[in-house]
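The values are calculated or read from the model by the stated rules, or taken from the named source; none is laboratory data. Predicted model only: the values in this text are computed from it and were never measured. Here Cβ is always computed from backbone atoms with ideal geometry, including for glycine, and neighbour counts include all displayed protein chains.
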């Protein structure tokens, strides 16, 4: 039982990542994907995807040097249905060309993760758990942090040269300069951490 991301990554030495995936039409799924490490425009990789019997359609939305972003519809995708049925959420999935699929899953209710492991194992799949972490262990972006980072971005704080100072951002937000500086620093760190977590 193979996943297309595993076969494509292995056959062409690519990194293939599913960034979003939802159940579709009772047995299938729809997903957004990103392919890195391509040579050329990626046309051969797309044709390989389209040749697979479980794939209905593939659309590309962004092609740049060595990278391709697109969407895929699949008539059969048992893994997403299993994850959802067990009360879990798929955050991302990827393969690095080593013949393995990696899944980052958020556990829902208590007992949902063991149930998911049993369900996948019953399909004859070998499972290695790389890491288990509590949601509270992950840095979260607070509303205040997001609001200030967004304001800083829109007003040109990250431009060179800067079009707004931290003092002006503090005044616009109605907070002290030290609070603005600390909130902005934490917000930047948490946003970047969350971004790179999704890339794992």
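Spot the failing condition for residue 198; the list is (1) part of a helix (DSSP H, G or I); (2) modelled with pLDDT of 85 or more, and only one is missed.
The number of the failed condition is (2).
If I ask for residues that are surrounded by fewer than 22 Cβ atoms within 10 Å (Cβ to Cβ), within 17 Å of residue 52 (Cα to Cα) and in contact with a strand residue (DSSP E or B) (Cβ under 8 Å, 6 or more places away or on another chain), which ones from the stretch 5-20 would you list?
Of everything in the stretch 5-20, those that are surrounded by fewer than 22 Cβ atoms within 10 Å (Cβ to Cβ), within 17 Å of residue 52 (Cα to Cα) and in contact with a strand residue (DSSP E or B) (Cβ under 8 Å, 6 or more places away or on another chain) turn out to be 6, 8, 10.
Go through the stretch 28-45 and give me each residue that's over 21 Å from residue 91 (Cβ atoms) and under 22 Å from the mean Cα position of the chain (by Cα).
37, 38, 42, 45, listed by residue number.
For residue 130, all conditions in the list (1) surrounded by 11 or more Cβ atoms within 10 Å (Cβ to Cβ); (2) more than 30 Å from residue 184 (Cα to Cα); (3) modelled with pLDDT under 90 hold save one; what is the number of the exception?
All conditions are met except number (1).
With respect to residue 80, is the statement that it is out of contact with any helix residue (DSSP H, G or I) (no Cβ under 9 Å at 6 or more places or on another chain), crowded, with 20+ Cβ neighbours inside 10 Å, within 29 Å of residue 108 (Cα to Cα) and at pLDDT 95 or above true?
no
Right, residue 29: in contact with a helix residue (DSSP H, G or I) (Cβ under 8 Å, 6 or more places away or on another chain), under 30 Å from residue 114 (Cα atoms) and in a loop (DSSP other than H, G, I, E, B) or not?
So residue 29 fails the test.
Is one or more of the residues making up the stretch 34-45 touching a helix residue (DSSP H, G or I) at 6+ places or on another chain (Cβ under 8 Å) and either within 18 Å of residue 125 (Cα to Cα) or in a strand (DSSP E or B) (or both)?
For the stretch 34-45, residues touching a helix residue (DSSP H, G or I) at 6+ places or on another chain (Cβ under 8 Å) and either within 18 Å of residue 125 (Cα to Cα) or in a strand (DSSP E or B) (or both): present.
Considering only the stretch 46-76, how many residues are surrounded by 19 or more Cβ atoms within 10 Å (Cβ to Cβ), closer than 17 Å to residue 90 by Cβ and over 18 Å from the mean Cα position of the chain (by Cα)?
Total meeting the criteria: 1.
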